[in-house]
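The values are calculated or read from the model by the stated rules, or taken from the named source; none is laboratory data. Please read these numbers as outputs of a predicted model, since none were measured by experiment. Backbone-built Cβ (ideal geometry, glycine too); neighbour counts: all protein chains shown. Heavy atoms of the whole protein, side chains included, go into the accessibility calculation; ligands, DNA and RNA do not. Shrake-Rupley method; radii C 1.70, N 1.55, O 1.52, S 1.80 Å.
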Amino acid sequence: MNVNGSPKYNRVLLKLSGEALGGSRDYGLDLEVVETIAAQVKRVHQMGVQVALVVGGGNIFRGLAATERGFDRATGDYMGMLATVINALALQDALERAGIPARTMTAIQMPQVAEPYIRRRAVRHLEKGRVVILAAGTGNPYFTTDTTAALRAVEIEADVILKATKVDGVYTADPKKDPSAKRYPSLTFDEAMVKNLKVMDATALALCRDQNMLLKVFSIFAPGALKRVVMGEDEGTLVHC
């Protein structure tokens, strides 16, 4: 944590999975969870931190899972991208009801619903104190929202990617299955790839490594965790070059 009590990061990209927004449900949105996440974002926003979000859609539709059942992969991925827009609009609404200005920007154009993603416009929104929610992935099939998060973080020159999960960091094994699993306080991108720790997909990890983009993995469900991460406290796992 910084000695003067100021945030360690000025601009962050928060990566949220669709499953996180679903809470304990097997399908759909848990609006209470959405509001809780919005409250955490509000706390760091009020500290002057610029926040962009990339959200997944797995709580509504998973293109890869559909492919395993015979779906055309590209079609399934486009359906998954549309699911992320539903989640993004829910987050936008929750943030605005909490008094935080927010803009949803989509990689697939749908002007009646949200702004198209334009890098310079997204950066301008951040500079004006708006939370920017980046939906519809990269706009291309075969790319995950992990890769989207890495790409967008580099584009908007974020200081760090904050990957919010249901687990409080990266472990040597699944802590739910192996009680002896240990949490890594930090590790390199190369270690994460060699050990196949499932931090992010290989494309996202390689992009972060090549662009020297920091990645912090933490639990969004731990009260106050997002603020502690932004302040630079010992929370979660830091992945670095």
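In this structure, does GLU96 turn out to be at pLDDT 95 or above, open to solvent by 20 Å² or more (accessible area, probe 1.4 Å) and under 23 Å from ARG119 (Cα atoms)? Taking the combined requirement at face value, the residue satisfies it. Of all residues in segment 171-182, those satisfying the criterion of being charged (D, E, K, R) and open to solvent by 80 Å² or more (accessible area, probe 1.4 Å) are LYS176, LYS177, LYS182. Residues of segment 140-156 that are open to solvent by less than 20 Å² (accessible area, probe 1.4 Å) and either aliphatic (A, V, I, L, M) or closer than 18 Å to GLU115 by Cα (or both): THR148, ALA149, ALA150, ARG152, ALA153, ILE156. Of the candidates ASP201, ASP168, the single residue that is touching a residue at least 40 places away in the same chain (Cβ under 8 Å), surrounded by fewer than 19 Cβ atoms within 10 Å (Cβ to Cβ) and touching a Gly at 6+ places or on another chain (Cβ under 9 Å) is ASP168.
Only a single criterion out of (1) of a type in the set (Gly, Ala, Ser); (2) in contact (Cβ under 8 Å) with a residue 60 or more places away in the chain; (3) open to solvent by 40 Å² or more (accessible area, probe 1.4 Å) is not satisfied by ALA90, namely (3).
Considered as a group, the residues in segment 10-35 that are modelled with pLDDT under 95 and among the polar types (S, T, N, Q) include one that is farthest from the chain's Cα centre (by Cα), and that residue is SER24.
The sole residue among ALA107, ALA114 that is of a type in the set (Gly, Ala, Ser), in contact with a helix residue (DSSP H, G or I) (Cβ under 8 Å, 6 or more places away or on another chain), open to solvent by less than 30 Å² (accessible area, probe 1.4 Å) and in contact (Cβ under 8 Å) with a residue 12 or more places away in the chain is ALA114.
Across segment 219-241, which residue is nearest to ASP168 (Cα to Cα) among those that are among the charged types (D, E, K, R) and in a helix (DSSP H, G or I)? The extreme case among them is ARG228.
If I ask for residues that are over 16 Å from VAL131 (Cβ atoms), touching a residue at least 60 places away in the same chain (Cβ under 8 Å) and surrounded by fewer than 17 Cβ atoms within 10 Å (Cβ to Cβ), which ones from segment 45-74 would you list? Spell out the reasoning first.
Residues of segment 45-74 over 16 Å from VAL131 (Cβ atoms): 56-74.
From what's left, touching a residue at least 60 places away in the same chain (Cβ under 8 Å): 56-57, 63, 73-74.
Across segment 45-74, the qualifying residues are ARG73, ALA74.
Okay, residues lined up against (1) touching a Lys or Arg at 6+ places or on another chain (Cβ under 8 Å); (2) at pLDDT below 95; (3) under 12 Å from ALA52 (Cβ atoms); (4) not aromatic (Phe, Trp, Tyr):
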| position | (1), (2), (3), (4) |
| --- | --- |
| ILE133 | yes, no, yes, yes |
| ALA150 | no, no, no, yes |
| ALA153 | no, no, yes, yes |
| ILE156 | yes, no, yes, yes |
| ASP159 | yes, no, yes, yes |
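Between VAL12, VAL34, the distinction of being open to solvent by less than 50 Å² (accessible area, probe 1.4 Å) and farther than 19 Å from LYS166 by Cβ belongs to VAL12 only.
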